[in-house]
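Please treat every number below as a calculation from the coordinates, not as lab data. Just so it is clear, the structure is predicted and the values come from calculations on it, not from any experiment. Glycine gets a Cβ as well: all are built from the backbone with ideal geometry, and neighbour counts include every protein chain shown.
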Amino acid sequence: MVNNGPQSAKSSGSKNLLQGPHGPRSLRLRQRAFAFFMAQFNKRYEKLVAERKQALFAGLHGDVLEIGPGTGANLIYYRRDVRWLGIEPNPFMHTYLREQAQKLALPIEVRIGSAECLEAADKSMDAVVSTLVLCSVDDPARALREIRRVLKPNGRYLFIEHVAAPRGQWRRRLQDLIYPIWCVLADGCHVNRETGGLIEAAGFAAVAYTRFQLPLGPVAPHIAGHAIEKA
Ligand SMILES: C[S@@+](CC[C@H](N)C(=O)[O-])C[C@H]1O[C@@H](n2cnc3c(N)ncnc32)[C@H](O)[C@@H]1O
């Protein structure tokens, strides 16, 4: 299915890619702590987005690539017959992912890797999924090019991402102010990234998303939607 090497991918731009269990001790500690944090955070976050995710992911089938699946918060929404590949740079997430998949009896394949250099063949995926990931990648435009590369014609990119508040709002000023420290504390998360605009500019045939707010302080503004690859 999806086990081909990167056919037109270039070298990775990810900050923590392939550090694996042998990376620097401080990085490993941060990765381990973030994986633990995400496993706890998901319990609260999923209650806020469950209905939205059910609607968004309904109808997913075939070959599905999830980038940055973290501890596996989305696995519950997939049909058992999807062929699921996860590309997740933090190796400490993999244990949580596998445990969750086992509980759900969902066969999965997980690889260390980065959204900016997806280890998947051109035009091989029916869908690509990302939730709360484009805020964290080093080069979102490149990640979006990679998503388009691996999607089949008419394939769908489904996303839920937290995004920058509109310029001029107090929340945006707060996001701009806390960005440097937030980035360090939250594993490279760019709290003020204008991800909706980046997706619109990526060259998909169509993009549709809705904006919504969650009670999550600086990461309240969200978008959820889909983009369709050209035929
Ligand atoms: C906030 S967590 C979200 C995890 C999961 N998608 C969820 O919704 O619970 C961000 C995830 O993106 C991953 N990530 C960070 N940089 C990445 C990159 N360049 N490529 C792919 N995943 C990345 C992190 O390791 C982490 O698992």
Final fewest-first order of TRP84, TRP182 on the 10 Å Cβ neighbour count is TRP182, TRP84
Computed from the beta carbon distance with a Förster radius of 35 Å, FRET efficiency for GLN169 and ASP139 to the nearest 0.05 stands at 0.85
Between GLU46 and ALA231, Cβ-based FRET efficiency (R0 41 Å, step 0.05) works out to 0.75
Expected max-MSF residue from ALA121, ALA33, ALA202 in the GNM of the chain (alpha carbon, under 10 Å) is ALA33
Here the gain from full extension of ALA208 to LYS123, 0.36 nm per residue of separation minus their alpha-carbon distance, amounts to 28.5 nm
For the chain, the count of lysine pairs 8 or more apart or interchain whose alpha-carbon atoms are under 22 Å apart comes to 10
Length gained if ARG79 through GLN102 is fully extended, taking 0.36 nm per residue and subtracting the Cα-Cα distance, is 6.9 nm
